[in-house]
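Some notes on the structure that comes next.
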């Protein structure tokens, strides 16, 4: 019944369109930050990305437009946006490179667990609340850090609060990663492996 409902909805649901727009805006953000260094427009785009990140999940629930594509697009858009932002801000020397490397390294470590999940018939684990909280903190941190590039009271406050959100976000991001790894360990211990012929179906 769920599969039929998703086929009826199709790909072009409102939440999916918002996620696709967020993905499409990534190159624009990088160009704004690294090309003309139009920080005001880049800041506005980051804020818009944070709004659409909230809206796509909210509308999926309210409009009953949940789909397997939406569950895939939302976290992919979040991770790619965060990766693009940290690389762009690191190239601009807004943040140090250890921050830019800390986030994708966690994702690489988790991607290494996917082959283990496939042995039990899974391709991913449900999104954890801590992961959402980490993303929330990071999506607030980066606009504030970009705003903190100026001089005066407002940029100084933005820089302070931006780093507070960033450090909490990084900590929660890795904590969520450790919980995912623990879930994978539990799954491997509690679930018998599938025959090789059935893996990846």
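Quick notes on this structure:
- Short to long, the 10 Å bins of the Cα pair-distance histogram for the stretch 68-125 hold 21, 40, 27, 11, 1 percent of all pairs.
- Per-residue ellipticity at 222 nm computed for the chain from its helices equals -26000 deg cm²/dmol, with DSSP H segments shorter than 4 residues left out and the rest contributing -39,500 (n - 2.57).
- The convex hull built on the alpha-carbon positions of the stretch 61-198 has an orientation-averaged projected area of 10.3 nm².
- Springs join every pair of Cα atoms under 10 Å in this Gaussian network model of the chain, and among 188, 21, 55 the largest mean-square fluctuation is at 188.
- Gain on full stretching of the segment that runs from residue 191 to residue 76 - 0.36 nm per residue minus C-alpha separation: 38.7 nm
- Using distinct alpha-carbon pairs, which all enter the 1/r mean, Kirkwood radius of the stretch 1-93 in Å: 14.0 Å
- Available extension along the chain between residue 116 and residue 64 is 15.5 nm, counting 0.36 nm per residue and deducting the alpha carbon span.
- Highest mobility in the GNM of the chain, judged by mean-square fluctuation with C-alpha springs under 10 Å and restricted to 45, 91, 18, is found for 91.
- Rounded tilt (10° steps) of 97-111 against the dominant C-alpha axis of the chain: 10 degrees
Values in this text are rule-based calculations from the coordinates and carry no lab data. These numbers come from a predicted model, not from an experiment.
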